[in-house]
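Undergrad: Dumping the structure here so I can ask a few things about it.
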Ligand SMILES: Nc1ncnc2c1ncn2[C@@H]1O[C@H](COP(=O)(O)OP(=O)(O)OP(=O)(O)O)[C@@H](O)[C@H]1O
Ligand SMILES: [Mg+2]
C-alpha cells in the first residue's frame, strides 16, 4: 500500500501542508527542527492512532495558534490499498466551553468520511516505523516491549485492539476491587466476574502474542544472520506472566530464557488455565492490591547466541537486533495482510555502518513506499539520490527538489 496524499492542518509545526505523494522512496532532508520527524509522526499516526513521541495528543496541536473557542488540528491521508483508495482523517479538537483555563480535548477519526470507533480503524492503513529511540524495545522495560507487540498486533490481527481495550477495562476494575478488598475487606467472590473477562480477553491477547512472536522469530532469524554475517542466532523468547504450558514433572519453576514451543495451545485452553490461575492467586492479589497474573505483565527477551541482549548486548548488537526485527516486521505484515506496509525510517542511516546501510537500502526495494529522513543527504549515494525522490524541508515548508 502507499499514501497518495498527506494533508496536515495545525499539526505541530505545520499550519498547513498538502502533499501529493508518489509510490516511491522519499528522502526528506533538511536541517534540525524543520519538521522531518513530524511528517513521519503524522503518517505513523494513521496506523497506530497514537504518537510515537508525544505523551498526549494535546501536544500535537500547533502551539502557536491564538486561543479561540474551538481549535482543530488534522491529519488527512489518502492511500491506495490493493485496487481501492481510502481516506483516513484524524481530527484533534480543543474546545474552551467557557472555561479558558481548562480546555476540553477530543479526537475523532473518519474512514472515507464516516466517523468510526478506533477499534474498527486499526489495520486499515499499515506502517512500520523505525526511530533511533526504538532501541528501547530491546534495551528498555517490559512495558516497552508489550507496547511494541500491542501496536503491531493491533495493525494486523482483527479484534486484537478490541480484546486489549476490554482486557484493560476489566483489569482496572479488578484492581480497584482488589484495593478495596485489601483495605476494607469484603466478599472475595466479587472478583469472579472480572476473572472471567480477564481470562477471556487475556487468552486472545496471549494466543495472538504467542503466534506473532513465533512467526516474527522465524523471519528474524535468517535476517539477523545475514546482518551479522552469520555470527549471531537471534531468538525472541516469550516469557508470559501466566505460563500456559504445564510445568514439567520434577521441576518447580520453568527455567527463564528457554524458547518453549507454545504453538499447540489454543485460546480456550489458555482461557481456562488463566481463569484457574487468577482464582488461585486471590490471596496474593488482595494482599498486593493488584492483579499479579496475566498478559499485562508479559515479557519477551531478545537472545543472541543465548545471551540476553537487553542485559548484556552492546549498543551495536541491540541496534542490529532492532533493525532485524523491523525488517522481519515488514515481511510479516506483508504475509499477514497481503500488502506491503509503508516504511518510515527516521535518521537511521547515520547510525549504521556501511555494510548495514547497504542491507537497509536493499529492504527499500521490497516496499511500495518508504519515507526516510536525514539532516545529511550526503549519507546517501549519488546513485540513490538520483533514483529516489529527495525533498527538502525548511521551516515547515516542503520543497520538492533540493534548494540551493
Ligand atoms: N505542537 C507544536 N506546535 C508547533 N511547533 C511544534 C510543536 N511540536 C513541536 N514543534 C516544533 O516543530 C519543529 C520540528 O520538529 P521535528 O522534530 O519535526 O524536526 P526535525 O526536522 O525532525 O528535526 P531534527 O533534525 O532535529 O530531528 C521543532 O522546532 C519543534 O519545536
Ligand atoms: Mg527529527
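Undergrad: So is residue 211 at pLDDT below 95, within 30 Å of residue 322 (Cα to Cα) and assigned to a helix (DSSP H, G or I) or not?
TA: no
Undergrad: Still on this structure: Kindly indicate which of 363, 398, 342, 390 is more than 26 Å from residue 228 (Cβ to Cβ), away from ligand 1 (no atom under 16 Å from the Cβ) and surrounded by 13 or more Cβ atoms within 10 Å (Cβ to Cβ).
TA: 342
Undergrad: Determine if the range 280-291 includes at least one residue that is farther than 23 Å from residue 163 by Cβ, within 26 Å of the chain's Cα centre (by Cα) and in contact (Cβ under 8 Å) with a residue 12 or more places away in the chain.
TA: Within the range 280-291 (the criterion being farther than 23 Å from residue 163 by Cβ, within 26 Å of the chain's Cα centre (by Cα) and in contact (Cβ under 8 Å) with a residue 12 or more places away in the chain), the answer is no, since none of the residues qualifies.
Undergrad: In the range 168-191, which residues are touching a helix residue (DSSP H, G or I) at 6+ places or on another chain (Cβ under 8 Å) and either closer than 17 Å to residue 293 by Cβ or surrounded by 15 or more Cβ atoms within 10 Å (Cβ to Cβ) (or both)?
TA: 168, 170, 171, 173, 174, 177, 178, 181, 182, 188, 191
Undergrad: When you scan the range 178-192, how many residues do you find that are more than 14 Å from residue 278 (Cα to Cα) and part of a helix (DSSP H, G or I)?
TA: 6
Undergrad: Just wondering, is there one or more residues in the range 384-397 that are within 16 Å of ligand 2 (Cβ to nearest atom), within 25 Å of the chain's Cα centre (by Cα) and at negative phi?
TA: No, the range 384-397 contains no residue that is within 16 Å of ligand 2 (Cβ to nearest atom), within 25 Å of the chain's Cα centre (by Cα) and at negative phi.
Undergrad: Now for a different question. Can you work out which of the residues in the range 44-60 that are surrounded by fewer than 22 Cβ atoms within 10 Å (Cβ to Cβ) and within 16 Å of ligand 2 (Cβ to nearest atom) is nearest to the chain's Cα centre (by Cα)?
TA: The selected residue is 52.
Undergrad: Got a sec? Which of 309, 344, 325 is within 16 Å of ligand 2 (Cβ to nearest atom), within 18 Å of residue 136 (Cβ to Cβ) and at pLDDT 95 or above?
TA: Among 309, 344, 325, only 344 is within 16 Å of ligand 2 (Cβ to nearest atom), within 18 Å of residue 136 (Cβ to Cβ) and at pLDDT 95 or above.
Undergrad: Mind listing whichever residues of the range 2-32 are over 23 Å from residue 72 (Cα atoms) and within 16 Å of ligand 1 (Cβ to nearest atom)?
TA: Within the range 2-32, 26, 27, 28, 29, 30, 31, 32 qualify.
Undergrad: Related question: Tell me the strands (runs of 3 or more DSSP E) entirely within the range 65-149 that contain at least 2 residues that are touching a residue at least 24 places away in the same chain (Cβ under 8 Å) and surrounded by fewer than 16 Cβ atoms within 10 Å (Cβ to Cβ).
TA: Per the criteria, 70-81, 84-95, 104-111.
Undergrad: Turning to a different aspect of this structure: Taking residue 31, is it in contact with a strand residue (DSSP E or B) (Cβ under 8 Å, 6 or more places away or on another chain), within 16 Å of ligand 2 (Cβ to nearest atom) and in a loop (DSSP other than H, G, I, E, B)?
TA: It is true that residue 31 is in contact with a strand residue (DSSP E or B) (Cβ under 8 Å, 6 or more places away or on another chain), within 16 Å of ligand 2 (Cβ to nearest atom) and in a loop (DSSP other than H, G, I, E, B).
Undergrad: Output yes when any residue across the range 274-293 is closer than 18 Å to residue 236 by Cα, crowded, with 17+ Cβ neighbours inside 10 Å and at pLDDT 95 or above, and no when none is.
TA: no
Undergrad: With respect to residue 21, determine if the residue is under 16 Å from residue 391 (Cβ atoms) and surrounded by fewer than 21 Cβ atoms within 10 Å (Cβ to Cβ).
TA: Against the criterion (under 16 Å from residue 391 (Cβ atoms) and surrounded by fewer than 21 Cβ atoms within 10 Å (Cβ to Cβ)), residue 21 qualifies.
Undergrad: Restricting attention to the range 34-52, and to residues there that are within 8 Å of ligand 1 (Cβ to nearest atom) and assigned to a loop (DSSP other than H, G, I, E, B), which single residue is farthest from residue 131 (Cα to Cα)?
TA: Top of the filtered list is 34.
The values are calculated or read from the model by the stated rules, or taken from the named source; none is laboratory data. Predicted, not measured: the structure shown is a model, and the values here were computed from it. Glycine gets a Cβ as well: all are built from the backbone with ideal geometry, and neighbour counts include every protein chain shown.
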